[in-house]
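The next block holds one structure in the form of structure tokens; read it before the comments.
What follows is calculated from the coordinates using simple rules that are stated; it is not laboratory data. Note that the structure is a prediction, hence the values are computed from the model and not measured. So basically every Cβ, Gly included, is an ideal-geometry build from the backbone, and we count neighbours across all protein chains shown.
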Amino acid sequence: MASIAQAVRMALHYGETYLGVTDIFGEDVGPPLGGVFTVTQGLKTAWNTPLDERGIIGTAMGIAYAGGRPVCEIQFCDYALNVMDLLQVAGNQRWASGGEFDLPIVVMTPTGAGIRGSIYHSHSFESWASRLAGWKIVCPSNALDAYGLMIAAIKDPNPVFVLLPKALLRARDDRRIPGEPDDPDELSRMIDAPVGDRSNWQPQWPELQEYVVPIGKADLVREGADGTVICYGRLVPLCTQAADELARDHGHRFDVIDLRSIFPYDWPLISESVRKTGRVLIVNEDTEVTNFGEHLLRRVIDEHFYDLLVRPRTLLGKHVPGIGMNQVYETNSVPQLGDIRAALRELATDPA
Amino acid sequence: MSETNEEPPDFPPGPARRVARTAAPSVIRSGREVMSVELALTVFRQMIRTRALEERSIKMSKSGEAYFWIGGPGEEAFNVSLGLQVHKGFGPAYDYLHLHYRNAGVLLAMGMPMIDHVRQLAMRWTDPHSRGRNFVGHYAVRAWNVVPVTSVIEVQFAMAPGTARVQKRYGGEGITIVVGGEAGTAEGDFETCLNWSTRPGFELPVLMVVTNNRYGISTDIRSVSVEKEITARAAPYGIRAETVDGNDPVATWNALDRAMRYCRRERRPFLLEAMVSRLHGHSSSSGAQRDWNEVDVLANFEQMLIDQGAIDSATVKTLKDEARAEADAAVVAAMQEPQPTPADVYRFTYAPSPVDVVYPEDYTGLPGAC
């Protein structure tokens, strides 16, 4: 019953206790705050950095060169843009050095809209990240996957981005993380820092167990023959809800694929589903020009042109400079539940 | 004119280079700085080897054996002095080197065979630094803590606090050495290193080195920056700093010795600025012609050693001939070695991973691609 924020925190605790994580750091990551989204509260290796994203990524690289296992945070993915060159360098270190240097670093960052974050706290990062060859990029949509993907990211000896859908960070999973107490209130008492003075507070960690969601393995969260929906992160719950409503109201049933890994993505699962349904909708909230979803669309067309019954579709964020503060801006530029439901209905009913 | 323009123009002949003393001295003096003759001759020989390798490299870039040259002729005194004083080895007990692309002398002095430099220049699969993928001088030597050199200016200054942090925790005398030019100090990453190395209570053993040749490609530092000395940047952070004449090998050796000693023992940062020459311009893209208006550190050192009776002209000539022959042989051998093949394009992208179902061993092209 943990939230994604709690799940990531528990995975990081597991990482620093059992997997050799040496440093968890970033802006406001250490005490007293433990992260602006509380993701790093109570961790023994967490520390605060200067407000300097270039220093955060550079230092993570240096720690990894010297045999440490760093997990760092960019406070909002919007601020990863001023360190793109270093991210590119991080992705190429093994390739550029002909296999001499591995770079086991994990960078976690909240991504996407949905918390009324206005222009500078609502960007999506997956399309930018997908251009960083040499990286792996994961994006959970629920707490259990967040736990399993963070542990996978830590265990993987390559640079891994963990994109955390910020609108879902408080969302609770109805599944338990291995070792998590049954009562969510008890978990909160154990690992959530108290409001106010917390200088003497220590977390009581549950006896957590290892749980890995393999990188490159998607999750088929709904099954159906009337269409394939490919999504990840924040829009997974919305796509699932839309699919459930259409099944209930109209009898349309969809394969809903939660990618979980943006790169490498689970092409065999996508491919199998497209072959089965012949109808594809790719949904994400990133802006629509040179969107990662367009790459998937290209592969669907290239490799499944003759399997398609109707034109494949995308439902993506509008190509606008930002997401405005007034909700009119967000609801009219980022896919909403109604948009997804309408697109799915159209997908299922388009005459073949 | 030769391809590297390496012979001087018709200047009037200088004073004859001959031994002025009868008894060999035990030390070489430069102002107040002193160095043993034995050490001076070691440094001198490595400087000659470095120069010979660089000049042969420039020829390669012009002959079609290579596409591009960049390097450090004019910085030999600093580079060799650094390479000889590094605590060389693997892991945090030893020094980490975050170099830039003018540091051939560092690696040669550390013991890299010339052919490993040439293999990279000649883009061979046998290139141990990058498998023929990177520009020359972009070294990567895991066994010696030489982290991959990039062409992206100054990013190494953002990485240095990371290796130094691990060393601070580890203890011992290992330090992190980061080297860049003066133009790059305009990047924020230089300030990152100053700041992250001086977090209160967690100061880091980082030796920051700026080799100041006064130019960023074509731009005179004085036209874009008001600072007289880069070392002035250390003051707000309380970092100890020194500017040294990089064309004086004796002073440069001793300045490096003092700076390294301080970082090793105090576990705190130090900023060392070495004023150096740029004898062949920025790179082959600006022609790499010899600039005869620049002070030549190697010629000066040769004269100093002869004047003080530490060596004679015949021995100098022998050393230079040997170094040129060594460089020539390295080129001949490297050019026989295999090139990368199309099958090598993806190799070494990913380290083997037990948790990746798509790329458990290495990158193999797009996921699921046949």
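For segment B:229-279, a residue qualifies if it is touching a residue at least 60 places away in the same chain (Cβ under 8 Å) and assigned to a loop (DSSP other than H, G, I, E, B), and the qualifying residues are B:246, B:247, B:248, B:267, B:268, B:269, B:276, B:277, B:278, B:279. Scanning segment B:175-187 for residues that are more than 8 Å from chain A (Cβ to nearest Cβ) and under 30 Å from residue B:126 (Cβ atoms) returns B:177, B:178, B:179, B:180, B:181. On the stretch given as segment A:133-153, residues that are within 14 Å of another protein chain (Cβ to nearest Cβ) and either in contact with a Lys or Arg (Cβ under 9 Å, 6 or more places away or on another chain) or farther than 21 Å from residue A:316 by Cα (or both) total 13. Just one of (1) farther than 27 Å from residue B:48 by Cα; (2) in contact (Cβ under 8 Å) with a residue 12 or more places away in the chain fails for residue B:126. It is (1). Within the span defined as segment A:210-226, every residue fails to be closer than 18 Å to residue A:34 by Cβ, more than 14 Å from chain B (Cβ to nearest Cβ), assigned to a loop (DSSP other than H, G, I, E, B) and under 24 Å from the mean Cα position of the chain (by Cα).
Can you say whether residue A:19 is of a type outside the set (Val, Ile, Thr) and either under 28 Å from residue B:198 (Cβ atoms) or touching a Ser or Thr at 6+ places or on another chain (Cβ under 7 Å) (or both), as far as the supplied structure shows? Answer is no for this residue. Look at (1) among the hydrophobic types (A, V, I, L, M, F, W, C); (2) crowded, with 24+ Cβ neighbours inside 10 Å; (3) more than 7 Å from chain B (Cβ to nearest Cβ) and you find that residue A:61 fails only one, number (3). Restricting A:53, A:100 to residues that are among the charged types (D, E, K, R) and closer than 30 Å to residue B:344 by Cα narrows the list to A:100. Filtering segment B:169-192 to residues that are buried (at least 21 other Cβ atoms within 10 Å of the Cβ), more than 20 Å from the chain's Cα centre (by Cα) and not polar (S, T, N, Q) leaves only B:191. Could you tell me whether segment B:56-72 includes any residue that is under 23 Å from residue B:144 (Cα atoms) and among the acidic types (Asp, Glu)? No, that holds for no residue. Just a yes or no: is a residue in segment A:176-184 away from chain B (no Cβ under 12 Å) and hydrophobic (A, V, I, L, M, F, W, C)? Looking for residues that are away from chain B (no Cβ under 12 Å) and hydrophobic (A, V, I, L, M, F, W, C), one finds at least one in segment A:176-184, hence yes. Can residue A:171 be described as under 15 Å from the mean Cα position of the chain (by Cα) and away from chain B (no Cβ under 14 Å)? It is true that residue A:171 is under 15 Å from the mean Cα position of the chain (by Cα) and away from chain B (no Cβ under 14 Å). Scanning segment B:180-212 for residues that are farther than 23 Å from residue B:278 by Cα and touching a Gly at 6+ places or on another chain (Cβ under 6 Å) turns up B:192, B:196. I'd like the full set of residues that are closer than 13 Å to residue B:356 by Cα and among the hydrophobic types (A, V, I, L, M, F, W, C), limited to segment A:151-177. A:151, A:152, A:153, A:154, A:160 - these are the residues of segment A:151-177 that are closer than 13 Å to residue B:356 by Cα and among the hydrophobic types (A, V, I, L, M, F, W, C). Contact map, segment A:83-109: residues that are within 18 Å of residue A:153 (Cβ to Cβ) and at the interface with chain B (Cβ under 7 Å from one of its Cβ atoms) paired with residues that are of a type in the set (S, T, N, Q) and in a helix (DSSP H, G or I), Cβ distance under 9 Å, separation 6+ or inter-chain. Pairs shown: A:102/A:93. Within segment A:232-285, track down each residue that is within 14 Å of chain B (Cβ to nearest Cβ), basic (Lys, Arg) and not in a loop (DSSP other than H, G, I, E, B). Result: A:275, single match. For segment A:119-145, filtered to residues that are aliphatic (A, V, I, L, M) and surrounded by fewer than 23 Cβ atoms within 10 Å (Cβ to Cβ), the residue that is farthest from residue A:325 (Cα to Cα) is A:133. For segment B:315-354, the candidate set comprises residues that are within 14 Å of chain A (Cβ to nearest Cβ) and of a type in the set (Gly, Ala, Ser); within that set, the residue that is surrounded by the most Cβ atoms within 10 Å (Cβ to Cβ) is B:353.
Taking residue A:303, is it within 14 Å of chain B (Cβ to nearest Cβ), farther than 15 Å from residue A:122 by Cβ, surrounded by 15 or more Cβ atoms within 10 Å (Cβ to Cβ) and of a type in the set (Asp, Glu)? So residue A:303 fits the description; yes. Within the set A:330, A:346, A:285, the sole residue that is crowded, with 20+ Cβ neighbours inside 10 Å and over 26 Å from residue A:217 (Cα atoms) turns out to be A:330. Reported count of residues in segment A:287-313, each being touching a residue at least 24 places away in the same chain (Cβ under 8 Å) and either in a helix (DSSP H, G or I) or over 24 Å from residue B:365 (Cβ atoms) (or both), is 16.
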